[in-house]
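Below is one structure, written out as structure tokens, with a few remarks after it.
The values are calculated or read from the model by the stated rules, or taken from the named source; none is laboratory data. On a predicted model such as this, the values are computed, not experimentally measured, just so you know. Ideal geometry is used to build each Cβ from the backbone, glycine not excepted, and the neighbour counts take in all protein chains shown.
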Amino acid sequence: MENLLAKLGVDGVRKLQAASAADLNAMVLFAGDISPPTEEVLDYVTELDTRCILYDQLRAFGNETGLVYPALFAVTMVAPVSELRSLLQVLHGSTPNDRRMLFRNLTLASHMGIKDYLSKPRSPDARRLLARPPGIHIEPGMPIPPVSVSRSGFSERVKNRDGYRCIFTGTSDPEAAPIFPFSASSKRMFVNINDTLLRFWGPEKSTAWRRAYEDTELTQSAKNGISMNRQLYFWFDQARFALKPLRETPEGIIVQWHWLKETFFKPRALIEPEETVQQTVRYSGVEDGSWGNSLAHRPSGVAIQTGQTFLLPAHEQMPSWDLLQMQWNLLRVAALCGAAGITDDYYDYEDLDEHEYDIAVWAKKRAIDAECCNCKAKKGVS
């Protein structure tokens, strides 16, 4: 006890006394809730220096077209380094014309793949504009609308498996959060997602993940869901945190919580041709390796923090390992390129090469540049 008091110091002890006087029950609840176990946390972007070199080399092939979406940068910061090196080897071994076409396909694959993965319903105005007048029928040769994926019974199956409690906070009355988004599975438009995974994660991983998310029976089952309280479900849907699957044990699957960072990047606001890789890294906020801010806590007040681990209990319908791996990768990509929370109408354009000039993104970049220059000036660095 003496050691504890010494660590707290006089100020710490006074704060504890004040908190106990204000709400003793809350203090007892807080003290009785043991924080979840933690394990080693890696940098926000692993092998950052290597990835910067590879991104710089990859981006050099886009100088002629100027077509570099933020998603290409984001994928390069997340995808396996070995696959990125393989891509560069293919580009180096291609003819100039083939290189231009391949690079265009790469940058569009990353851009459209993450867009389809996180597809969100259109805004009300866009839905009204796109609504088909009564009596209009599909002409021969026109694409047939994809078969709707039913969510009937999904929520109940997930919550029943998890005992009608949030896996992470223990609170009752949770929501069933799909690991692979229903917005993507309902459209059955997997071409861009498949292309992205094959190009950047390689045939082995992409095939395993594809078998999982293209299996309607699986994505409608409890294997595609985790019980979360409503706030956590919202943040999960907005790519504010991701779950890293660590290992499978006889007791179940151990996942590690990671808060993701917000970005001012916008998916269609191209990275400027004169922008250096060092600037892009600085703008993205990943250079210091830190993770996002903690936004949630358990009912006791104990914070949910990056590095904490949670058990998804063993069950014949426990979450799919492949879908967990995929969300761990793609949610980080989405957070890095600003794709989270974007509605489908944001992407409406006739030409895939069309992009927008975003004044807010440009202004934020210039502000960061100015701040960097001021810091260097104060330190006397040229």
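Would it be correct to say that ARG298 is over 21 Å from the mean Cα position of the chain (by Cα) and not acidic (Asp, Glu)? Spelling it out, ARG298 is indeed over 21 Å from the mean Cα position of the chain (by Cα) and not acidic (Asp, Glu). One residue alone among ASP43, ASP49, ASP56 is more than 21 Å from the chain's Cα centre (by Cα) and either loosely packed, with under 13 Cβ neighbours inside 10 Å or farther than 19 Å from GLU274 by Cβ (or both), and that residue is ASP49. Taking the criterion of being assigned to a loop (DSSP other than H, G, I, E, B), more than 27 Å from GLY153 (Cα to Cα) and of a type outside the set (A, V, I, L, M, F, W, C), the residues of the range 251-273 that qualify are LYS261, GLU262, THR263, LYS266, PRO267, ARG268, GLU272, PRO273. Go through the range 224-241 and give me each residue that's more than 11 Å from the chain's Cα centre (by Cα), in a helix (DSSP H, G or I) and surrounded by fewer than 24 Cβ atoms within 10 Å (Cβ to Cβ). Listed by number, the residues that qualify are ARG230, GLN231, TYR233, PHE234.
Would you say GLU248 is outside any strand (DSSP E or B) and of a type in the set (D, E, K, R)? Considered against the rule, which asks whether it is outside any strand (DSSP E or B) and of a type in the set (D, E, K, R), GLU248 comes out as no. Scanning the range 38-52 for any residue that is among the polar types (S, T, N, Q) and in contact (Cβ under 8 Å) with a residue 40 or more places away in the chain turns up at least one such residue. When the residues of the range 43-74 are filtered to those that are among the hydroxyl-bearing types (Ser, Thr, Tyr) and assigned to a loop (DSSP other than H, G, I, E, B), the one that is modelled with the lowest pLDDT is THR65.
Checked against (1) buried (at least 18 other Cβ atoms within 10 Å of the Cβ); (2) out of contact with any Phe, Trp or Tyr (no Cβ under 8 Å at 6 or more places or on another chain), GLU287 passes all but a single condition, namely (1). Annotation note: of LYS266, LYS244, LYS261, the sole residue that is surrounded by fewer than 22 Cβ atoms within 10 Å (Cβ to Cβ), of a type outside the set (A, V, I, L, M, F, W, C) and within 18 Å of MET318 (Cα to Cα) is LYS244. Looking across the range 275-322, the residues that are small (Gly, Ala, Ser), under 20 Å from GLN231 (Cα atoms), in a loop (DSSP other than H, G, I, E, B) and touching a residue at least 40 places away in the same chain (Cβ under 8 Å) come down to GLY292, SER300, GLY301, GLY307. Of the residues in the range 217-232, at least one is over 28 Å from LEU42 (Cα atoms), free of Cβ contacts under 8 Å to residues at least 40 places away in the same chain and of a type in the set (Asp, Glu).
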